[in-house]
1. Among the residues in the range 251-268, are any hydrophobic (A, V, I, L, M, F, W, C), touching a His at 6+ places or on another chain (Cβ under 8 Å), in a helix (DSSP H, G or I) and at pLDDT 85 or above?
2. Quick check, is residue 55 out of contact with any His (no Cβ under 7 Å at 6 or more places or on another chain) and outside any loop (DSSP other than H, G, I, E, B)?
3. Look through the range 77-113, keep the residues that are surrounded by 17 or more Cβ atoms within 10 Å (Cβ to Cβ) and polar (S, T, N, Q), and return whichever of them is farthest from residue 20 (Cα to Cα).
4. Report yes if residue 84 is part of a loop (DSSP other than H, G, I, E, B) and within 20 Å of the chain's Cα centre (by Cα), otherwise no.
5. Restricting attention to the range 118-133, which residues are more than 21 Å from residue 210 (Cα to Cα) and in contact with a His (Cβ under 9 Å, 6 or more places away or on another chain)?
6. When residues of the range 38-60 are filtered for being buried (at least 20 other Cβ atoms within 10 Å of the Cβ) and under 24 Å from residue 103 (Cβ atoms), how many remain?
7. Might you let me know whether the range 227-242 holds any residue that is within 20 Å of the chain's Cα centre (by Cα) and not in a helix (DSSP H, G or I)?
Amino acid sequence: MEVYPGSPSVSAVIPAYNAELTISGAIQSVLAQTYEIAEIIVVDDGSSDRTAELSAAFPRTRVIRRPNGGPGAARNTGIQEASGEWIAFLDSDDAWVPRKTEVQLARVSPEVGVIHSNEFEVIQFGNLWHRQAHVTPSGAFVRKRALRDVGGFEETRAIMSVEDLNLWLKIALTDWRFVRSETDLFLYQPTEQSLSGNDFKMARAELANIDILGKRVSCQPEEIERVKQASRIEYAKNLIAGQRWDEAAELLQECTPGLASRWLSLAGYLKVSRLARTNIVRRLQSLDLNYEAHECSGECSLPEVHRKQCMASCHKPYSRPV
């Protein structure tokens, strides 16, 4: 396969915390790439197990140990130390297919900042903001200059577990483009330690992130609240499916009156009757994809092109992609 002329150098950055059960598989998948990765940087984020020792045994692998600060801080450490023009992120419990780097390098062009392997033809601020698209870090191939332009990942613990969404939103506000490569270029292998497995924690992090980005672009309070309410309901549905009644009720009680009332009643009913099943919630969810009509005022600091895209996305269903 022909790749972008000049054969760009690529650094793999792997944040790892107590990952001794999965880190070897992750590194092996990098070493198996059909396009050779220049270096592998494993950032041991305060592990108490053998993560660092196991990682150091592999060729072209450098281990950086740091006090625990979360995945965003660990990735920033890796970015700072990386020599490659492009950064390929990989979570310690995931793995790449052998052709990933080769396939994604074929999409490199001067205006591209992020190459992703999710199933979305268009990635822009509006559909990221309204959660109609997403980018998975282990499938992302990012220009180092683009990361530096936006200051890398936010390290505040308030948004830990959605710091990647925060990053993509910041890059989407620049002139760097997102392009899609082939999909299915990485294998997601969740473990008990996966942060994404805690819906309530992620809900709190996402709500904090909505406030941070909303203020960044001077979004009007009522529009920020609409996005937050949609997020609360989406996570509450997942919590109901998992029979985590109290956490679901806490999120729903924070919603404005009316729209979420039936979900709060449902949570209470199912808690009493013990009849909750994932398929019931999925059926109800399919009937609730469209929220009350909302006309965005467009009063924000977004550049015109981003503002129009965001207002168009506002009219589409808020539906967290899988």
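The values are calculated or read from the model by the stated rules, or taken from the named source; none is laboratory data. Remember, predicted model here, so these are calculated numbers, not experimental data. Please note: Cβ atoms are built from the backbone with ideal geometry, for glycine as well, and neighbour counts cover all protein chains shown.
1. no
2. Values: out of contact with any His (no Cβ under 7 Å at 6 or more places or on another chain): yes; outside any loop (DSSP other than H, G, I, E, B): yes.
Considered against the rule, which asks whether it is out of contact with any His (no Cβ under 7 Å at 6 or more places or on another chain) and outside any loop (DSSP other than H, G, I, E, B), residue 55 comes out as yes.
3. Top of the filtered list is 104.
4. On the way: part of a loop (DSSP other than H, G, I, E, B): yes; within 20 Å of the chain's Cα centre (by Cα): no.
For residue 84, the condition - part of a loop (DSSP other than H, G, I, E, B) and within 20 Å of the chain's Cα centre (by Cα) - is not met.
5. Residues satisfying the conditions are 118, 120.
6. Residues flagged as buried (at least 20 other Cβ atoms within 10 Å of the Cβ) and under 24 Å from residue 103 (Cβ atoms) within the range 38-60 amount to 3.
7. no
The rows are residues; the columns are (1) modelled with pLDDT of 95 or more; (2) among the β-branched types (Val, Ile, Thr); (3) touching a Phe, Trp or Tyr at 6+ places or on another chain (Cβ under 7 Å).
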{"residue": "73", "(1), (2), (3)": "yes, no, no"}
{"residue": "81", "(1), (2), (3)": "yes, no, no"}
{"residue": "88", "(1), (2), (3)": "yes, no, yes"}
{"residue": "92", "(1), (2), (3)": "yes, no, no"}
{"residue": "95", "(1), (2), (3)": "yes, no, yes"}
{"residue": "99", "(1), (2), (3)": "yes, no, no"}
{"residue": "104", "(1), (2), (3)": "yes, no, yes"}
{"residue": "108", "(1), (2), (3)": "yes, yes, yes"}
